[in-house]
Amino acid sequence: MSLLQRSLAKGLLAHAYLLVGPPRVGKMTLAMDLARALNCAAAEPPCGECVSCQRVAAAKHPDVQLIGLPAGDNSVEKTRIEISIEQIRDLQHTANLPPFEGKYKVFIINGAELLSNEAANCLLKTLEEPASQVVFILLTTNDRLLPATVVSRCQRLELRPLAANEVESALGKRGIEPAKARLLARLSRGCLGWAIAAAADDSLLDARAEKIDRLLNIVRADYDERFVQAGQLASQFSQNRSAVLETLDLWRDWWRDLLLVKAGFGEGVTNIDRLAVLDEMAKSYDLPQARMVINHIQAAGEQLKLNANPRLALEVLMLNIPAGSVVKYG
């Protein structure tokens, strides 16, 4: 962000930026901040208060256009919808027109890895001969999926996960109350975009609670019920791969927390709102068992990514989670 701030201050902006980073790390947040800064009427942009900033934030500014995945949607696994050449041709036509009411036209391409080959080649021509007062911002989780020629025409910025205290501080500046900011910072895995979304949308925390409760039920369940759970997850995997992989990531973090509690480092847990449940659950396991479960969850996730039989991989995982006693819910 400091690089962009210096570029804005000196008026030395690139005509195209490529923001690379994991889902919800803050790529869209940064892109929208840049769009606001480019069109802000204040002396120190972005002010967030002028009409232009507010219109960009509300996705109602006529000179800021989003192409590809909707803002906040990183479900490439689920969507698989290509960005077509027709969309890029429409972009080209609009880019050749002067700004309607702002200083710059800004085109944000979310999920740039979804560009079809024809669309990528069409975009390349625009990037090679950029119009004045136009800035392109491409967002991707993996720039290796983009043609090297497109990548080479952009200024690449990699967004890495933040430290938990940095996320917590950023949430505090947005008015999030301290206890919630601390929890979201731990749960975010350094992805500020996720933390901001979860602060505004309780359904994300509700979904996370359901996944933890599901794991606690599995710990208490017999093998018949575990196989039912494996079948349900396998069926879900055929519809939404990323959702199941996210569930396994959450389960892995839970067992990592249990490992920390068992080792006497409870202050480092991610699921700080469930510390009492972790303390109770830790009584049923030793350190080797917790490490073993973490390894089995990681192995199941890798097998699913390699297109192994999902039901078989998940059934094996269910068999390898040792039974234990936990309180009903935390």
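Only the coordinates and a few stated rules stand behind these numbers; no lab work does. All values reported here derive from a predicted model rather than from experimental measurement. In this analysis, Cβ positions are derived from the backbone assuming ideal geometry, glycine residues included, and neighbour counts consider all displayed protein chains.
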Selected from Gly172, Gly111, Gly190 as most flexible by GNM, with the chain as the system and alpha-carbon contacts under 10 Å: Gly172
Span from the the stretch 34-62 Cα centroid across to the the stretch 229-267 one, whole angstrom: 40 Å
Principal-axis tilt of helix 85-95 within the chain, Cα atoms, nearest 10 degrees: 50 degrees
Helical mean residue ellipticity (222 nm; -39500 (n - 2.57) per DSSP H run of 4+; nearest 500) of the chain: -17000 deg cm²/dmol
Where labels lie 7 Å past Cα in the beta-carbon direction, separation of Ser284 and Ser235 in nm: 2.6 nm
Segment Glu49-Ala179, extension gain: residue separation times 0.36 nm, minus the distance between their alpha carbons: 44.1 nm
Magnitude of the charge dipole, the stretch 203-319, Cβ model with Lys/Arg +1 and Asp/Glu -1, debye to 20: 300 debye
Residue order, fewest to most beta carbons within 10 Å, for Tyr104, Tyr17, Tyr223: Tyr223, Tyr104, Tyr17
Trypsin sites (Lys or Arg not before Pro) within the stretch 228-330: DSSP coil, no more than 16 neighbouring Cβ in 10 Å: Lys283, Lys328
With Cα atoms, 0 to 90° folded angle of helix 164-173 axis to the chain main axis: 60 degrees
Evaluated over the chain, the Cα radius of gyration and Dmax, each in Å: 22.7, 67
Cα centre as origin, Lys/Arg/Asp/Glu Cβ charges: the chain dipole, Debye: 460 debye
Cα centroid of the stretch 184-215 to Cα centroid of the stretch 118-175, whole Å: 24 Å
Trypsin sites (Lys or Arg not before Pro) within the stretch 156-188: DSSP coil, no more than 13 neighbouring Cβ in 10 Å: Arg174
Non-local Lys pairs in the stretch 92-238, i.e. 8 or more apart or on different chains, that have alpha carbons under 30 Å apart: 6
Degrees separating the helix 241-262 axis from the principal Cα axis of the chain, which is the longest one: 60 degrees
Relative contact order %, the stretch 203-319, counting alpha carbon pairs below 8 Å whose residues are six or more apart: 32 percent
